[in-house]
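Single-structure report; data block below.
The values are calculated or read from the model by the stated rules, or taken from the named source; none is laboratory data. The shown structure was predicted, so the numbers you read here are calculated from the model rather than taken from an experiment. Every residue, glycine among them, receives a Cβ derived from its backbone with ideal geometry; neighbour counts consider all protein chains shown.
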Amino acid sequence: MAEEIKEEVKEEKEVSSDSPEEEATSTEKKTEGKINPLAILCYFGILLIIPWMMAKDDEFVKFHVKQGLTLLLAGIITSIIGVIIGAIPVVGKIIAGLIWMFWLILGIIGIINVLRGEEKPLPLIGKFAENWKI
């Protein structure tokens with residue numbers, strides 16, 4: 001009985017070796033050498049200076065520095081606008097909060113892109129990052 005169970009487990013392992021999990025690990029290997037966890041700091045505001053200075057030759061980090069810089073500057077500009085709009089009693093505060101939440105979500109998307117090893121531009125503002133000469 002125990003031998004039959006061992007044989008069944010062995011057969012299941014052989015069948016599962018052709019599963020999508022194996023394909024996922026092969027794609028991870030392709031991006032593994034490209035991922036630099038230092039790039040995560042690019043999406044934490046002024047902390048993008050750290051990866052910018054430490055990994056100047058890394059194209060992956062440079063891409064995310066440009067994305068983070070664009071996100072930071074766009075966030076500063078809309079924060080100024082948000083302060084002005086926030087002066088409107090109820091509606092202004094709601095709009096200012098939604099603007100802040102929008103930039104937070106874009107930052108999270110950027111961090112996810114770093115963790116996946118992708119050089120994918122951020123939605124709406126990512127295309128402006130291509131203009132930076134870093």
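Residue check: Leu124 meets all listed conditions (1) surrounded by 14 or more Cβ atoms within 10 Å (Cβ to Cβ); (2) not in a helix (DSSP H, G or I) but one, namely (1). Say whether the condition of being touching a Leu at 6+ places or on another chain (Cβ under 7 Å), assigned to a helix (DSSP H, G or I), at positive phi and modelled with pLDDT of 90 or more is met by at least one residue in region 49-65. Within region 49-65 (the criterion being touching a Leu at 6+ places or on another chain (Cβ under 7 Å), assigned to a helix (DSSP H, G or I), at positive phi and modelled with pLDDT of 90 or more), the answer is no, since none of the residues qualifies. Cβ-Cβ contacts under 9 Å between residues 6 or more apart (or on different chains), taken from a first residue in region 42-61 that is assigned by TED's automatic domain parsing to the domain that holds Asn113 to a second residue that is surrounded by fewer than 12 Cβ atoms within 10 Å (Cβ to Cβ) and at pLDDT below 90, are listed as Trp52/Ile134; Lys56/Ile134. When you look at Ile88, is it surrounded by fewer than 18 Cβ atoms within 10 Å (Cβ to Cβ) and outside any helix (DSSP H, G or I), yes or no? Taking the combined requirement at face value, the residue satisfies it. If the condition is being in contact (Cβ under 8 Å) with a residue 12 or more places away in the chain and outside any helix (DSSP H, G or I), then region 107-121 contributes Gly117, Glu118, Glu119, Pro121. For region 97-106, the criterion of being closer than 18 Å to Phe44 by Cβ, assigned to a helix (DSSP H, G or I) and touching a Phe, Trp or Tyr at 6+ places or on another chain (Cβ under 8 Å) is met by no residue.
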